[in-house]
Each structure stands twice: as structure tokens, then as C-alpha cells.
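J.: Sending over a structure as C-alpha cells; questions will come in a sec.
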Amino acid sequence: MFHVKHKVSRPICDYEGSRYSSVFWGKGREYEDQVERIALRRLLPPHSRALLDIGAGFGRLADLYRGANRVVLLDYSLSQLREAQERFGADERFLFVAADLYNLPFVGNLFDTTVMVRVIHHIVDVPGAFREIHRVTEPGGKFILEYANKRHLKAILRYFLRFSRVNPFSQEPYEFAPLHFDFHPAYIEGELQRAGFKVTESLSVSFFRVPWLKRHIPLSLLVSLDARLQKPLASLRITPSVLLKSVARKGEANAPRGFFRCPRCGSERLQEGSSALLCPQCRAAWEIQDGIYNFKNPRDF
Ligand SMILES: C[S@@+](CC[C@H](N)C(=O)[O-])C[C@H]1O[C@@H](n2cnc3c(N)ncnc32)[C@H](O)[C@@H]1O
Ligand SMILES: [Zn+2]
């Protein structure tokens with residue numbers, strides 16, 4: 001008999017059908033995009049055997065993964081992944097996987113690099129997400145995380161000038177809109193540590209995320225100033241966005257033999273069908289739809 005793991009389901013901020021790439025990243029966010037890229041490039045290892053981008057969306061950052069032999073773009077939204085596929089589908093190193101990050105469809109220790117940018121602000125169960133990322137990251141593997149910082153300079157000023165009653169110094173996550181959270185640096189770093197990660201590097205990003213500055217100062221100047229400050233001022237954590245690089249601490253493990261695992265029952269013995277991966281243990285068929293591995297709703301076989 002098989003054992004079905006009953007997972008507590010957590011609410012997901014669903015991007016299915018959203019126009020995230022054109023509306024959010026349309027005109028006006030060039031500065032944020034460029035400074036995040038600079039920071040991520042600084043933190044990515046020059047070479048990766050297998051890199052997982054969690055909540056990759058339409059693959060905004062995936063052109064930075066040149067040093068990776070295998071790149072997995074994972075997102076809950078199929079429509080985001082289709083956009084990503086249009087951009088990177090021709091590159092054989094890429095795999096596209098639709099799944100919930102709380103229950104990743106991979107065997108343990110599979111990735112030497114895991115990346116998650118602009119996703120944790122949608123996460124209600126941060127400890128659960130970190131535990132799962134730690135499970136799939138190999139011992140000594142790197143996890144690069146971007147989070148939205150509630151203790152940034154503007155929030156501190158607003159609080160002291162009494163424009164806002166949100167205390168930027170309290171450590172609990174602040175839900176400023178449904179399923180949108182800002183986090184205190186100590187909370188994120190504490191939870192990373194509890195999950196088995198050790199933070200080794202940090203960068204503070206987006207010092208000049210102020211509409212007036214973005215309108216009046218040339219983009220290239222703002223970007224180059226930000227790039228210069230990211231490292232020296234990192235320890236202050238006063239920017240709205242922070243990137244951390246952590247190492248997964250865990251005992252040495254054998255190299256993983258498989259790749260996917262069934263997110264319904266945890267079996268690592270999935271078999272390739274003609275257009276699905278079949279789980280012999282719980283009899284879930286996980287469809288492969290136009291090149292996207294869909295681990296959202298299985299069909300029973
Ligand atoms: C703000 S977008 C960020 C996309 C990309 N990382 C970037 O920086 O452009 C957040 C992404 O997280 C995905 N997401 C949110 N919750 C998720 C979950 N539980 N599992 C997998 N993906 C999730 C959404 O579908 C969306 O594509
Ligand atoms: Zn199964």
C-alpha cells in the first residue's frame with residue numbers, strides 16, 4: 001500500500017493569465033530591473049550543474065543563467081511559463097515546470113543553485129518554503145533569495161514622521177495587501193538559519209526607488225550609484241529590496257539518482273509515459289503539456 005502525505009494547503013497568489021511582464025515590467029521599472037540584475041549577477045556562482053529558479057514567472061532573469069548546465073524554471077502559473085518558453089524554449093538546457101513551491105516535484109539534493117527573486121512576498125508559510133528549498137538544495141549548494149524589506153529607509157522615515165503607523169522595527173511579516181508581505185531582515189535571516197541555511201553574502205538593492213528621483217535623474221546614473229552602494233551598505237539593510245546568498249548546511253549525501261518526485265505521495269520512482277510522468281505508487285499521471293511538466297492537478301490512471 002502507498003502512503004499519501006496530507007499536506008496542509010497554503011493560499012497561492014495566482015498569476016495565471018496575468019499581464020505581469022507587460023504591465024508590471026512595462027515602462028517605469030527599468031531601474032529596479034537593472035539593479036536586481038547587477039546584484040543577482042554578483043551572487044550567482046560562475047558555474048552551476050543544475051539551477052532552479054523558483055517562481056521564475058516569464059523568465060525575466062533567465063538570461064543570467066549562462067553558467068548553468070541545466071536550468072529549471074518553476075512557477076505555479078502555466079501562462080507565465082508559456083511566456084518563458086517562448087523566450088528560452090529553444091535552449092536545450094531549460095526545463096519548464098508548473099508546481100507549487102511548498103511541495104517541489106524534485107528528489108532531494110538535486111540542485112547546486114536555487115534562486116528565488118520577488119516571490120517570498122507572496123508566501124504565507126516562509127518556514128515551510130525554506131524547508132522545501134533546503135531539501136532540494138545539495139549540501140553546500142547555494143540559495144540566492146531576494147526579499148522585500150519592511151525596515152527600509154523610507155518606511156522608517158514615514159514611521160517617525162507619523163505618516164505611517166506600520167512599525168518597521170517589529171519582526172513579524174507585514175501583509176500590506178492580500179498575499180503581499182514585507183519582511184524584517186532579522187525574521188528572514190532567522191528563518192533561513194532555522195531551515196539549515198547559512199547566510200554568506202548580502203546586497204542591498206534599489207536605494208533610489210523614489211518616483212521623483214527616477215523621473216529627474218538619468219537612469220544610467222541611478223543604476224551606477226546603486227551598483228556602487230550595494231555591497232558597502234549591505235549590512236545596513238535600509239533598501240526596499242535585499243538579496244542574500246546562503247549555503248545549505250546538511251550532512252554529505254549520495255548524489256541523487258532520479259530527478260522528479262511525485263508531489264502527491266513523495267515517490268521518487270516516476271515512470272515516463274508518452275505524454276505524462278506516471279507514479280506507480282499513488283497512480284497519479286502528471287501531464288507534460290507542450291513541453292511544460294505540469295505538477296498541479298494530476299489525472300489518475
Ligand atoms: C512577482 S512574480 C516574480 C517572477 C520572477 N521571479 C521575477 O522576478 O520576475 C512572482 C511569481 O511567483 C509565482 N508564485 C507565487 N506563489 C507561488 C507558489 N506557491 N509556487 C510557485 N510559484 C509561485 C507567481 O506565479 C509569479 O510568477
Ligand atoms: Zn505518487
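J.: For Lys198, indicate whether it is exposed (fewer than 14 other Cβ atoms within 10 Å of the Cβ), modelled with pLDDT of 95 or more and under 30 Å from His134 (Cα atoms).
T.: Values: exposed (fewer than 14 other Cβ atoms within 10 Å of the Cβ): yes; modelled with pLDDT of 95 or more: yes; under 30 Å from His134 (Cα atoms): yes.
Yes.
J.: Looking only at segment 9-24, count every residue that is closer than 15 Å to His180 by Cβ, open to solvent by 80 Å² or more (accessible area, probe 1.4 Å) and small (Gly, Ala, Ser) and tell me the total. Working first, answer last.
T.: Of the residues in segment 9-24, the ones closer than 15 Å to His180 by Cβ are 10-15, 18, 20, 24.
In the following step, the residues that additionally are open to solvent by 80 Å² or more (accessible area, probe 1.4 Å) were identified as 14.
Narrowing further to those that are small (Gly, Ala, Ser): none.
Of the residues in segment 9-24, 0 are closer than 15 Å to His180 by Cβ, open to solvent by 80 Å² or more (accessible area, probe 1.4 Å) and small (Gly, Ala, Ser).
J.: Let me ask something else about it. Touching a residue at least 12 places away in the same chain (Cβ under 8 Å), more than 16 Å from ligand 2 (Cβ to nearest atom) and open to solvent by less than 40 Å² (accessible area, probe 1.4 Å): is that true of Ala253 in this structure? Break it down stepwise before answering.
T.: On the way: touching a residue at least 12 places away in the same chain (Cβ under 8 Å): yes; more than 16 Å from ligand 2 (Cβ to nearest atom): yes; open to solvent by less than 40 Å² (accessible area, probe 1.4 Å): no.
No.
Residue-by-condition table, conditions (1) more than 16 Å from ligand 2 (Cβ to nearest atom); (2) surrounded by 22 or more Cβ atoms within 10 Å (Cβ to Cβ); (3) not assigned by TED's automatic domain parsing to the domain that holds Leu78:
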{"residue": "Asn103", "(1), (2), (3)": "no, no, no"}
{"residue": "Phe111", "(1), (2), (3)": "yes, yes, no"}
{"residue": "Val115", "(1), (2), (3)": "yes, yes, no"}
{"residue": "Arg118", "(1), (2), (3)": "yes, no, no"}
{"residue": "His122", "(1), (2), (3)": "yes, no, no"}
{"residue": "Arg131", "(1), (2), (3)": "yes, no, no"}
{"residue": "Pro139", "(1), (2), (3)": "yes, no, no"}
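J.: Filter segment 201-227 down to the residues that are of a type in the set (S, T, N, Q) and outside any helix (DSSP H, G or I) and list them by number.
T.: Filtering segment 201-227 down to residues of a type in the set (S, T, N, Q) leaves 202, 204, 206, 220, 224.
Within segment 201-227, Ser202, Ser204, Ser206 meet the criteria.
J.: Quick check on this structure: which one of Lys231, Lys198, Lys142 is part of a loop (DSSP other than H, G, I, E, B) and either without any contact (Cβ under 8 Å) to a residue 24 or more places away in the chain or within 25 Å of the chain's Cα centre (by Cα) (or both)?
T.: It is Lys231.
J.: Name the pairs: first residue in segment 73-84 and closer than 20 Å to Phe260 by Cβ, second residue open to solvent by less than 10 Å² (accessible area, probe 1.4 Å) and assigned to a helix (DSSP H, G or I), Cβ to Cβ under 7 Å, at least 6 apart or on different chains?
T.: Leu73/Ala62; Leu73/Leu81; Leu73/Ala84; Asp75/Leu81; Ala84/Ala62
J.: Starting from segment 26-48, keep only residues that are in the same structural domain as Ser202 (by TED's automatic domain parsing), then list their pairs with residues that are part of a helix (DSSP H, G or I) and open to solvent by 40 Å² or more (accessible area, probe 1.4 Å) whose Cβ atoms are within a distance under 8 Å, requiring at least 6 positions of separation or different chains.
T.: So the pair list comes out as Gly28/Lys214; Glu30/Leu219; Tyr31/Lys214; Tyr31/Leu219; Gln34/Leu219.
J.: Same structure again: Could you tell me which residue of segment 147-164 is farthest from the chain's Cα centre (by Cα), considering only residues that are within 18 Å of His180 (Cβ to Cβ) and assigned to a loop (DSSP other than H, G, I, E, B)? So that I can check it myself, show each step before the final result.
T.: Going residue by residue through segment 147-164, those that are within 18 Å of His180 (Cβ to Cβ) are 147-152, 154-155, 158, 164.
With the extra rule that they be assigned to a loop (DSSP other than H, G, I, E, B), the set shrinks to 150-152, 164.
On the way: Lys150: 18, Arg151: 21, His152: 21, Ser164: 29 Å.
Among them, the one singled out is Ser164.
J.: Is it the case that segment 215-227 has a residue that's surrounded by fewer than 15 Cβ atoms within 10 Å (Cβ to Cβ), closer than 30 Å to Glu252 by Cα and in contact with a helix residue (DSSP H, G or I) (Cβ under 7 Å, 6 or more places away or on another chain)?
T.: No, because not a single residue in segment 215-227 is surrounded by fewer than 15 Cβ atoms within 10 Å (Cβ to Cβ), closer than 30 Å to Glu252 by Cα and in contact with a helix residue (DSSP H, G or I) (Cβ under 7 Å, 6 or more places away or on another chain).
J.: Turning to a different aspect of this structure: Check off (1) more than 10 Å from ligand 1 (Cβ to nearest atom); (2) open to solvent by less than 10 Å² (accessible area, probe 1.4 Å) for Leu64 and give me the number that stays unchecked.
T.: (2)
The values are calculated or read from the model by the stated rules, or taken from the named source; none is laboratory data. Given the structure is predicted, the values throughout are model-derived calculations rather than measurements. Virtual Cβ from ideal backbone geometry, glycine too; neighbours counted across all protein chains shown. To get the accessible areas, we keep the full protein, side chains included, count just its heavy atoms, and leave off ligands, DNA and RNA. Shrake-Rupley method; radii C 1.70, N 1.55, O 1.52, S 1.80 Å.
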